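J.: First, the structure itself, so that you have it in front of you.
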Amino acid sequence: MNVFMLVSVVLMAGLINASFQVAPGILLLLYHSSLGCNITGKTRALASSYISGVAYMLLLTLAAVILLVLGANLGVLIHSLVPAVSVSSGNFFVSAILLLLTGVVALILYYRPSRSTELWLARPVARFLARRAELTNSNTEAFSLGLMSVVGELPFSFALMATVASFSATLPLGYICLSLALFTIASILPLVLLRAFIRRGKSVIDIQRWRVKEKTFLKYFSGIALISLGLFVLAFFVLGV
């Protein structure tokens, strides 16, 4: 596998992860609560701490998944269950199946059937995160909220992380560090852009209206992109097309 292929897959996985809406939704709630008190400097600090928490947890979680893939001997297990899959393709087979399943679930369940941007999260969890965003008034709490947002999105982001881990595990350590950096940067890009837009004068209401308007696009983009990436991995790295 060449570096171009690794970079392409990692960036694609990061951009798909960036299309998920738990982290941006919580950041908007954080802005809404803080801006209501007209504490501009403090609001910027809280937003920066929140984004740092998201980036740190993404980096930590992806590193843990890579270590899990490196330590697990999935190739032998998958080959024993599905003899058509070679030992060397075991990790890719698992990643492809996870991507396909997650893509289908994302198309059906990611957004609740309403005119708002309500997500798949259980109502108690959604209320808890919303309440924490409203009560957050320190950088430490904002950082912790960023950590929680990544954990809340794991049912959908895990397949992407497993795919990045499968590709990274076949390359030297330096490329693993590159994968960690690229995936994290691509994933937090919407949060950085959102912060920049608000700093330049865009209102939270305007951004929320855009999210509601583009909800269908975001849902189909993430779902179809997950399925497409899964088919790509299955065709080229499992079946050897």
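J.: Any residue at all in the stretch 111-124 that is open to solvent by 50 Å² or more (accessible area, probe 1.4 Å), aliphatic (A, V, I, L, M), touching a helix residue (DSSP H, G or I) at 6+ places or on another chain (Cβ under 7 Å) and at pLDDT 75 or above?
T.: Within the stretch 111-124, not a single residue is open to solvent by 50 Å² or more (accessible area, probe 1.4 Å), aliphatic (A, V, I, L, M), touching a helix residue (DSSP H, G or I) at 6+ places or on another chain (Cβ under 7 Å) and at pLDDT 75 or above.
J.: For residues in the stretch 171-184 being in a helix (DSSP H, G or I) and at pLDDT below 85, which is most open to solvent (accessible area, probe 1.4 Å)?
T.: Taking the candidates together, the pick is 173.
J.: Before we move on, is residue 203 small (Gly, Ala, Ser) and closer than 23 Å to residue 65 by Cβ?
T.: Taking the combined requirement at face value, the residue does not satisfy it.
J.: Among the residues that make up the stretch 220-235, is at least one of them part of a helix (DSSP H, G or I), under 29 Å from residue 33 (Cβ atoms) and touching a Phe, Trp or Tyr at 6+ places or on another chain (Cβ under 6 Å)?
T.: no
J.: Given the structure, is residue 237 of a type in the set (A, V, I, L, M, F, W, C) and open to solvent by 60 Å² or more (accessible area, probe 1.4 Å)?
T.: Against the criterion (of a type in the set (A, V, I, L, M, F, W, C) and open to solvent by 60 Å² or more (accessible area, probe 1.4 Å)), residue 237 does not qualify.
J.: Here is a further query. Return the total of residues in the stretch 30-66 being modelled with pLDDT of 90 or more and open to solvent by 50 Å² or more (accessible area, probe 1.4 Å).
T.: 5
J.: Additional query: Only one of these is at pLDDT below 90, within 21 Å of residue 95 (Cβ to Cβ) and crowded, with 23+ Cβ neighbours inside 10 Å: 187, 168. Name it.
T.: 168
J.: Among the residues of the stretch 1-35, write down those that are in contact with a Lys or Arg (Cβ under 7 Å, 6 or more places away or on another chain) and either within 18 Å of residue 92 (Cβ to Cβ) or among the aromatic types (Phe, Trp, Tyr) (or both).
T.: Matches in the stretch 1-35: none.
J.: Please count how many residues of the stretch 120-144 are in contact with a Phe, Trp or Tyr (Cβ under 9 Å, 6 or more places away or on another chain) and over 21 Å from residue 55 (Cα atoms).
T.: 1
J.: Return yes or no: is residue 95 hydroxyl-bearing (Ser, Thr, Tyr), open to solvent by less than 70 Å² (accessible area, probe 1.4 Å) and closer than 30 Å to residue 41 by Cα?
T.: No: the conditions fail for residue 95.
The values are calculated or read from the model by the stated rules, or taken from the named source; none is laboratory data. Keep in mind that this is a model prediction, so the values were computed, not measured. Heads up, the Cβs are rebuilt from the backbone with ideal geometry, glycines too, and the neighbour counts pull from every protein chain shown. Quick note on the areas: whole protein, heavy atoms, side chains included, nothing else; ligands and nucleic acids left out. Shrake-Rupley method; radii C 1.70, N 1.55, O 1.52, S 1.80 Å.
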